[in-house]
Amino acid sequence: MTSSADMASVQAHPHAAPALELVNLSKRFGSREAVRRLNLRVEAGELYALLGPNGAGKTSTIRMIAGLSRPDMGEARIGGHSVTTDAQAAKQHLAYLPDDPLLYDKLTPPEYLEFVAGLWGMGAAQAAPEAERLLTWLQLWPHRFERTEGFSRGMKQKLALAGALIHGPRLLLLDEPLTGLDAAASRQVKDALREFVDAGGAVVLTTHILEVAERLADRIGIIAGGELVAEGTPAELLARTETATLEDAFLSLTGPTAPITTAPITTAPPPTTTLRAEEKE
Amino acid sequence: MNSAPPGSLMWLLRWQTRAALANLTQSQRWWIGIGLLLFSGLLIFVGLTLRPDLSALRLNAPLPDAALPLLALGLVVLWTMMVAAAVNAALAALFTRGDMTLLLHSPIAPRTVLASRALGVALSAGVSVALLMVPLLAAAAVLGVWRAMGLLGWWLAAAVLAACVGLWLTLGLVRILGVQRTRTVSAVLGSLIGAAVFLAFQLPNMLRLSGQDRGADRLNPVFDFLAGLRLSSGSLLALPVQAAWSEPGPLLALLGAAALCLMVTVMALTRLFVLGAQTSQERATARPPRRTAARPLRFRTARTATLLKEWRLIWRDPALLSRTLLQLLYLLPLLAPALRGGNLAATVGVGVVLLTSNLAVSLAQLTLNAEDAPDLLRSAPRSPAALRRDKWLAASLPPLGLGLIGLTLLAFRGQAQAAAIDVPLLLLGVGGSALMVLWQPLPTRRADLFKRQNTAPFWLTILTLVFQAALAGTAYLLNAGQWWGLGTLAVALAALAIAYGERRSDAT
């Protein structure tokens, strides 16, 4: 449900740089390696789910992509622009939505969207109708005069999503976007993501709800100990791990019975990763 | 080691105290330790030096009636400070600490929970005056004034009574206004009560000095009133003083009254407490729409949107706003020297520079330091420097507007030249003060802004004071026609230059 102008721009360059590319991305906190030489590529029109146990390095990865944390080594590129060296251009195409929505309690939804649109340099004349459309679509229009301090978690998450979509990003980064949402709000957020991807946008999300990943994601990356241990479509992951459910596949790759080393499990697109599980947190 | 049975009042109190101590930072603990050590050393030195000389004096004689009003006033001032602290502590203990849901769904009786919270509030109230009480008690002990040890009993009773007032006020407001509004109103009330004593003493002085000078020989209307009071040792008003002077009857009566008051408070307020605690977890009630017409949205440019966002966040938080504005109240006595000079232009100049530059610092701390969604700003492509400039502008424009109104009024009073002199000083004071905050970012959550651990470095506070005082001095001197005021201007500029030299960026 992004603006048609922005989506047209995305679709006009289908073979340009990938929406997201991570090259040897690494991050260390003291003696602990949170992310280790992570290589990953997400194309436009693709929904990529990053799964992993607690402390696997998912949030550290997402924060480095969003420019909130600086990698010790390697880099993240959004639409071909390095987040480290060309941050402004990279962030122009990005929207970041953490599990705790980035809102201001004392502002109303239009006031919040007005500020966010300004942050992404949108013209006021273009932003206002887009905000109106998003608020209506996400059923927040009747609440437009209320301050967000009185909103439920679902309403807050939807408003944050409106804030993420208002500037027509090419890449949506979501950290646990469905946590605490009721069925209706959850469905609406999932529909919004699918629609965004169908229109040519790319989504990278982390989630603990494996069912969501299985049903929503085009490709899944499983991260453990800061490393990508497996990557592929849900069907490919099941086939490679010879399991019946994604939960079994996930546990076989990250749980205590995970194999020490196996053959590479990556499917297209590159880069190659290996199925490793010797490093657990 | 004896331990209280789990779930008992003592057990709860132990947990509360442990949590309160855990909130102290490492450096705060160090400073408290060093302070206590130095203070003890000083006391021992003073005690050993003075005690032989004081041995001839009758330091433990009964208090003369003439001393009662002044001592009663001192105790009232201390108690007012405790009530202000108790209101804030009650608000935090009842509504803002996160453990209430856990406690109330446990099998512990709500009355026990409230009793432990009430004692915690009393402790906070007592600690709020510790900086005054501890030296007083320690000095009395060293000098052998054993009757002053009654202050300990008075302190205990006063803290408990202050806690009772705080709880009645906070929970009473819950009944009348509901939880959401009570949060705001009791935060404002806490600040106002704290300022009440100050207002009582300073406002008459300020009003008299600003023109109604009828009796410069009189010290202060409050003292005048006290001088007229005839407190005899048998009167009720004298009871706290006598209790503090270790007279057994009054001391026991005061302690008994405090204990009784606490019991009645806990018994009477349990139901309201549970109701308040339950509703405090609920969402704020949605405000009814002010406009219902289906008007299309109209947005502004990025800069205007940032300014509006900052101003809305300040304006819509009355508790924060009142605390910010009350800080200005404490500056009023600094205007007294200018007022005494009888020079309207100099007085307005000093007042405008001093008040607006201080307001700019307070607002800059709100706009530049207190940011509730820092990750949103950092993940946006807008340049951090441009954003900080807008936030600096948001802090500077309101005090600048207020200052210009003041100077315009001055110009209309026939002092256009003075107003013209003050305008650049106003600009420099407001802009420079806000810049000093901008150059030393201290990011924090808006709700945590007034917490002690979020204070600016000491050297910056001093530098800001020097800058503002020097500018105020310049305004006074230039308006009084003394051109060496340019020297104080140089001092202000030097302070600003030092702050610039020490600047650090918060851009990442």
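The values are calculated or read from the model by the stated rules, or taken from the named source; none is laboratory data. All values derive from a computational prediction rather than experimental measurement. Methodologically, a virtual Cβ is constructed for each residue, glycine included, from the backbone with ideal geometry; neighbour enumeration extends over all protein chains shown.
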**Message:** Name the single residue that is nearest to residue A:203 (Cα to Cα) among those in segment A:151-182 being surrounded by fewer than 17 Cβ atoms within 10 Å (Cβ to Cβ) and among the small types (Gly, Ala, Ser).
**Reply:** A:180
**Asked** Which of the residues belonging to segment A:52-93 are aliphatic (A, V, I, L, M) and either more than 14 Å from chain B (Cβ to nearest Cβ) or closer than 23 Å to residue A:226 by Cα (or both)?
**Response** A:56, A:62, A:64, A:65, A:66, A:68, A:73, A:76, A:78, A:83
**Prompt:** For segment A:91-101, which residues satisfy the criterion of being in a loop (DSSP other than H, G, I, E, B) and touching a residue at least 40 places away in the same chain (Cβ under 8 Å)?
**Reply:** A:93, A:98, A:99, A:101
**Asked** Out of segment A:123-142, which residues are closer than 18 Å to residue B:295 by Cα, more than 7 Å from chain B (Cβ to nearest Cβ) and surrounded by fewer than 20 Cβ atoms within 10 Å (Cβ to Cβ)?
**Response** A:125, A:126, A:129, A:133, A:136, A:137, A:139, A:141, A:142
**Prompt:** So is residue A:63 at pLDDT 90 or above, not in a loop (DSSP other than H, G, I, E, B) and not assigned by TED's automatic domain parsing to the domain that holds residue A:155 or not?
**Reply:** yes
**Message:** Among (1) loosely packed, with under 14 Cβ neighbours inside 10 Å; (2) at pLDDT 70 or above, there is one condition residue B:243 misses while meeting the rest; what is its number?
**Reply:** (1)
**Asked** Any idea which of (1) closer than 30 Å to residue B:171 by Cα; (2) modelled with pLDDT of 75 or more is the one residue B:20 doesn't satisfy?
**Response** (2)
**Prompt:** Can you spot a residue in segment B:291-299 that is surrounded by 14 or more Cβ atoms within 10 Å (Cβ to Cβ) and either under 25 Å from residue A:130 (Cα atoms) or at pLDDT 80 or above (or both)?
**Reply:** yes
**Prompt:** Within segment A:78-101, is even one residue surrounded by fewer than 20 Cβ atoms within 10 Å (Cβ to Cβ), hydrophobic (A, V, I, L, M, F, W, C) and not assigned by TED's automatic domain parsing to the domain that holds residue A:24?
**Reply:** no
**Asked** In this structure, does residue A:194 turn out to be more than 19 Å from residue A:99 (Cα to Cα) and either in a loop (DSSP other than H, G, I, E, B) or away from chain B (no Cβ under 14 Å) (or both)?
**Response** no
**Asked** Restricting attention to segment A:102-122, and to residues there that are more than 7 Å from chain B (Cβ to nearest Cβ) and part of a loop (DSSP other than H, G, I, E, B), which single residue is surrounded by the fewest Cβ atoms within 10 Å (Cβ to Cβ)?
**Response** A:105
**Asked** Of all the residues that make up segment B:403-422, how many are within 16 Å of residue B:473 (Cα to Cα) and either among the basic types (Lys, Arg) or at pLDDT 95 or above (or both)?
**Response** 0
**Selection count, segment A:191-240, where residues are among the charged types (D, E, K, R), surrounded by fewer than 17 Cβ atoms within 10 Å (Cβ to Cβ) and more than 26 Å from residue A:24 (Cα to Cα)** = 6
**Message:** Quick check on this structure: which one of A:177, A:169 is within 26 Å of residue A:247 (Cα to Cα), in contact (Cβ under 8 Å) with a residue 40 or more places away in the chain and assigned to a loop (DSSP other than H, G, I, E, B)?
**Reply:** A:177
**Asked** From B:113, B:174, B:165, which residue is β-branched (Val, Ile, Thr) and either within 30 Å of residue B:241 (Cα to Cα) or surrounded by fewer than 20 Cβ atoms within 10 Å (Cβ to Cβ) (or both)?
**Response** B:165
**Item:** helices (runs of 4 or more DSSP H) contained entirely in segment B:94-154, each with at least 1 residues that are closer than 17 Å to residue B:81 by Cα
**Value:** B:110-128, B:130-143
**Message:** Would you confirm, using the coordinates I've provided, whether residue B:121 is among the β-branched types (Val, Ile, Thr), within 22 Å of the chain's Cα centre (by Cα) and buried (at least 23 other Cβ atoms within 10 Å of the Cβ)?
**Reply:** yes
**Within segment A:131-163, tally of residues that are assigned to a helix (DSSP H, G or I) and over 15 Å from residue B:301 (Cα atoms)** = 23
**Prompt:** Would you call residue A:58 assigned by TED's automatic domain parsing to the domain that holds residue A:232 and either without any contact (Cβ under 8 Å) to a residue 12 or more places away in the chain or over 13 Å from the mean Cα position of the chain (by Cα) (or both)?
**Reply:** no
**Message:** I'm trying to understand the selection: among the residues of segment B:385-420, which are within 13 Å of another protein chain (Cβ to nearest Cβ), closer than 21 Å to residue B:314 by Cβ and either aromatic (Phe, Trp, Tyr) or surrounded by fewer than 17 Cβ atoms within 10 Å (Cβ to Cβ) (or both)?
**Reply:** B:386
**Prompt:** Can you find even one residue in segment A:36-59 that is under 20 Å from residue A:17 (Cβ atoms), in a helix (DSSP H, G or I) and either of a type outside the set (Val, Ile, Thr) or in contact with an Asp or Glu (Cβ under 6 Å, 6 or more places away or on another chain) (or both)?
**Reply:** no
